[in-house]
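The values are calculated or read from the model by the stated rules, or taken from the named source; none is laboratory data. Here the structure is a predicted model, which is why all the values come from computation and not from measurement. Counting neighbours? That spans all protein chains shown, and the Cβs are built from the backbone with ideal geometry, glycine included. In case anyone asks, the SASA skips ligands and DNA or RNA and just uses the protein heavy atoms, side chains included. Shrake-Rupley method; radii C 1.70, N 1.55, O 1.52, S 1.80 Å.
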Amino acid sequence: MAEKLYIEALREGLREELLRDERVFLLGEDIGIYGGAFGVTKGLVQEFGEERIIDTPISEQAITGIAVGAAVAGMRPVVEIMFFDFLTLAMDQLINQGAKIRYMFGGKAKVPMVVRAPMGCGTGAAAQHSQSFPGVFAHFPGLKVVMPSTPYDVKGLIKAAIRDDNPVLFAEHKLLYRVKGEVPDEEYVIPLGKADVKRKGKDVTVVAGSIMVLRALEAAEELEKEGIDVEVIDPRTLKPLDMKTIIDSVKKTGRVLIVEDDPVSFGWGAEVAAGIVGSEAFDYLDAPVKRLGGLDIPIPYNPNLERHAVPQVEDIVKAVKDLLR
Amino acid sequence: MELTAEKKLWMYRKMYEIRCFELEVDKLFKANMIWGTCHLSVGEEATAVGAIAALKEDDMITSTHRGHGHCIAKGGKLPRMFAELLGKETGYCRGRGGSMHIADIETGNLGANGIVGGGIPIATGAALASKMKKDGKVTLCFFGDGANNQGVFHESLNIASLWKLPVVYVCENNQYGMSVAFKKSTAAENVADRAAAYNMPGEIVDGNDVEAIYFAVKKAVDRARRGEGPSLIEAKTYRWLGHSKSDANVYRTKEEIEEWKERCPIKRYRAKLVEEGVATEEELDKIEKEVEREIQEAIEYAKNSPEPSVEDIADGVYA
């Protein structure tokens, strides 16, 4: 097993699916010779040619709609939207078309497409290039939503997303691209809808997604020094959401903190919290369910303000301690 | 390019089918048998039929909220269409779609669309799929004059031309985007003029002349199939009835409507067919009688079809 960067593992996943299935192709802005704004698709145009790694004009709605049409007509497109924030430009085609077509056509059409987008703050890109809001997409019937946190997960999940017959939104936190982790040499696919216990523990459950998994793990290390044993659960896919793994953990620990990069108000953490208190885990709770997430503000530019806009390791440490008080 | 007598009679039959279908839908709506709303294409039959007549059977189309005619011309089965409008399990969408979402992927009908302009990038993407698969298919993209001011129209035409995709854009300019007159919504004099901006041929055609539409679209379809890229065709036509079911026609005059009714595409074509000796009045009457009977049978089928089961309400959200 080799250590690889998240971005490398993601690229490998894309490459393997391009090799495996000739219906798979990529389209997006600057994904060809430039290799994508963050370098995810670097080298792919040289290997697969401009016919399958397609540079598009800056037309997010048309790109997404073209993917819908190509998918309905039998291809398996993977769209890169340069920044998650730009997904707002593609909403009609993603939501009214891609996500609804199958149901409104009586369950006949298939729309096997993936829309990948880099999200999140921490790069000083300010309000229109920094927001994380995968939770919004989990609200729409017909879409699946994936947000991998590790190199291992991103590779296995992109492969599953491409093979899925439904439109899948694939949220990649841009601070994760340079994170290293172990990736097996042999082929593997991670099924959508399966949460992963990233760290076993008995005192508190922390449910965290995407970049917050890393921060929760770091917080858990610190808390361990103080004798607090934290279990970290990564849902990995928001839709479908694996509540069972979360509920089982809460039944064991009796305390739960949910940490998201989305703004906390109306965020996916509320859905997880409701799922917990509405389940048999309610009887096991020794403290109120706690949530952490982004402030209800657009992401600010100033580095110190930016840092305070979303949960950091110390916020998680503090919140866990509050839960145990 | 010549049209066979068989094809001409097919076009006549299909236009008549659409007319009867729409008028029966109007009646069913007034009898409270159709829920929601529907957008009827009475007066615009020639654009749907003439354009689709220029396609091969396995070519694809995308349609609009005013899409019953496109579906019929593409080979849609009347019983399943009526069943869909009545919300029945036997409808094209199992009663989940209704008037604005009739689709039949198997026959290349990628669906009507409730979003103005929503089908334009989808048609473009279907054409990209054909180009990549080299399956030789052409996609015909219908949209109305209202859609020509949507951003995605411009995004899509630019890309289709850039990539030389096998797609033909057919604008059915019926003069009104709901209540707003074309001249009040569009800075260009004609939709077809906008083709120049995307380096593709743009052609204006009499939308009430089924053969003129056929020939214009055929030329564009052949060009697309040869790999020479898309075209934009603007068929100038007129909808006789209101935009949807709540329209009191306050934005136009009775005189204007009457004037366009004089140019009825079906009446005109009937006269032409008789004059050319393609068919006698009696033969055309016979076709009409057959169509009227089929329509009544289709309505009966729909009325007698089962309602969808509530237990299955969530079927088909995910594959």
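Points worth noting:
- Part-to-part distance (alpha-carbon centres) for the stretch A:145-186 and the stretch A:12-88, which is given in Å: 16 Å
- Under a Gaussian network description of chain A, with springs only between Cα atoms under 10 Å, the residue in A:ALA309, A:ALA195, A:ALA127 that fluctuates furthest is A:ALA127.
- Antiparallel DSSP beta bridges within the stretch A:2-183, percent to nearest 5: 15 percent
- Under 15 Å from a label point set 7 Å out along the Cα-to-Cβ vector of B:TYR251, the amide N atoms of the stretch B:157-195 belong to B:173-187.
- Share antiparallel - DSSP beta bridges, chain B, percent rounded to 5: 10 percent
- Surface share of carbon and sulfur [accessible, 1.4 angstrom probe, percent] for the stretch B:36-99: 51 percent
- Occluded residues from the stretch B:291-319, i.e. those whose accessible area drops by 30 Å² or more once the chain is not alone (1.4 Å probe): B:GLY316, B:VAL317, B:TYR318, B:ALA319
- Portion, in percent, of the accessible area of the stretch A:2-183 that falls on carbon or sulfur, probe 1.4 Å: 51 percent
- Other-chain or far-sequence residues with amide H under 5 Å of A:VAL207's (modelled H): A:ILE233, A:LEU257, A:ILE258, A:VAL259
- For the stretch B:124-142, a decrease in accessible area of 20 Å² or greater in the assembled protein chains relative to the isolated chain, with a 1.4 Å probe, applies to B:GLY125, B:LEU128, B:ALA129, B:MET132, B:LYS133.
- As a rough guide to protection, the peptides B:151-159, B:116-124 ranked by mean Cβ packing within 10 Å, highest first, stand as B:116-124, B:151-159.
- Which listed pairs, of B:LYS134/B:LYS219; A:LYS108/B:LYS303; A:LYS108/B:LYS7, have C-alpha distances above 28 Å, in listed order: A:LYS108/B:LYS7
- Projected area averaged over orientations for the stretch A:2-183, convex hull of C-alpha atoms, nm²: 9.4 nm²
- About the centre of its Cα atoms, the protein assembly as shown shows a dipole size close to 40 debye [charges on the beta carbon of Lys, Arg (+1) and Asp, Glu (-1) only; nearest 20 debye].
- Between B:TYR238, B:TYR301, B:TYR214, the Gaussian network model of chain B with springs among Cα atoms under 10 angstrom shows the greatest mean-square fluctuation at B:TYR301.
- 3J(HN,Hα) along the stretch A:36-42, derived from phi through the Karplus expression 6.51 cos²θ - 1.76 cosθ + 1.60 where θ = phi - 60°, amounts to x, 4, 10, x, 4, 9, 3 Hz, with x in place of Gly and Pro.
- Relative to one another, the C-alpha centroids of the stretch B:26-104 and the stretch B:157-182 are positioned 20 Å apart.
- For the chain pair B and A, the buried solvent-accessible surface (1.4 Å probe, both sides summed) amounts to about 3100 Å².
- Entry comment: accessible area of the stretch B:216-271 is 47 Å² per residue, from protein heavy atoms only and a probe of 1.4 Å.
- DSSP-defined beta bridges in the protein assembly as shown - what % are antiparallel, rounded to 5: 20 percent
- Viscosity 0.890 mPa s, temperature 25 °C, Stokes-Einstein D of the stretch B:155-227 from Kirkwood C-alpha radius, µm²/s: 182 µm²/s
- Note on the stretch A:130-171: Kirkwood hydrodynamic radius from all Cα pairs is 10.9 Å, rounded to one decimal.
- Proportion of all alpha-carbon pairs of chain B beyond 27 Å (%): 41 percent
- Phi angles of the stretch A:306-318 translate, via the Karplus equation with coefficients 6.51, -1.76, 1.60 and θ = phi - 60°, into HN-Hα couplings of 4, 4, 7, 6, 10, x, 10, 3, 5, 5, 5, 4, 5 Hz per residue; Gly and Pro are given as x.
- Normalised by 2.2 N^0.38 Å, with N the number of residues, the alpha-carbon radius of gyration of chain A equals 0.98.
- Size descriptors for the protein assembly as shown (Cα atoms only): Rg and Dmax, in that order, 27.8, 98 Å.
- In chain A, helices alone account for a calculated mean residue ellipticity at 222 nm of -10000 deg cm²/dmol, with every DSSP H run of four or more residues adding -39,500 (n - 2.57).
- Integer Hz, Karplus 6.51/-1.76/1.60 couplings in order for the stretch B:174-181, x for Gly and Pro: 9, 6, 9, x, 6, 10, 8, 5
- A cut-off of 5 Å between modelled amide H atoms, ignoring neighbours fewer than 5 places along the same chain, links A:LEU169 with A:VAL115, A:LYS144, A:VAL145, A:VAL146.
- Here r is the Cβ-Cβ distance between A:GLU182 and B:ILE313 and R0 is 51 Å; the resulting FRET efficiency, rounded to 0.05, is 0.70.
- Across A:GLN131, A:GLN46, A:GLN93, mean-square fluctuation computed from a Gaussian network of chain A (C-alpha pairs under 10 Å connected) peaks at A:GLN46.
- Taking amide H as placed 1.01 Å from N in the peptide plane, A:VAL24 has its amide H under 5 Å from the amide H of A:ARG76, each at least 5 places away in sequence or on another chain.
- Remark on the stretch B:89-104: accessible area falls by at least 40 square angstrom from chain-alone to full-complex state for B:ARG96, B:HIS101, probe 1.4 angstrom.
- Nearest-ten-degree value, helix A:6-20 long axis tilted from longest Cα axis of chain A: 40 degrees
- Per-residue [θ]222 nm for chain B (sum of -39500 (n - 2.57) over DSSP H runs n ≥ 4, rounded to 500): -14000 deg cm²/dmol
- Heavy-atom accessible area per residue - chain A, 1.4 Å, Å²: 38 Å²
- As a fraction of the 1.4 Å probe accessible area of the stretch A:196-324, surface on carbon and sulfur atoms comes out at 55 percent.
- Shape class of the stretch A:196-324 from the Cα gyration tensor (axes a ≥ b ≥ c, square roots of the eigenvalues): oblate, since a/c reaches 1.5 or more and a/b does not exceed b/c.
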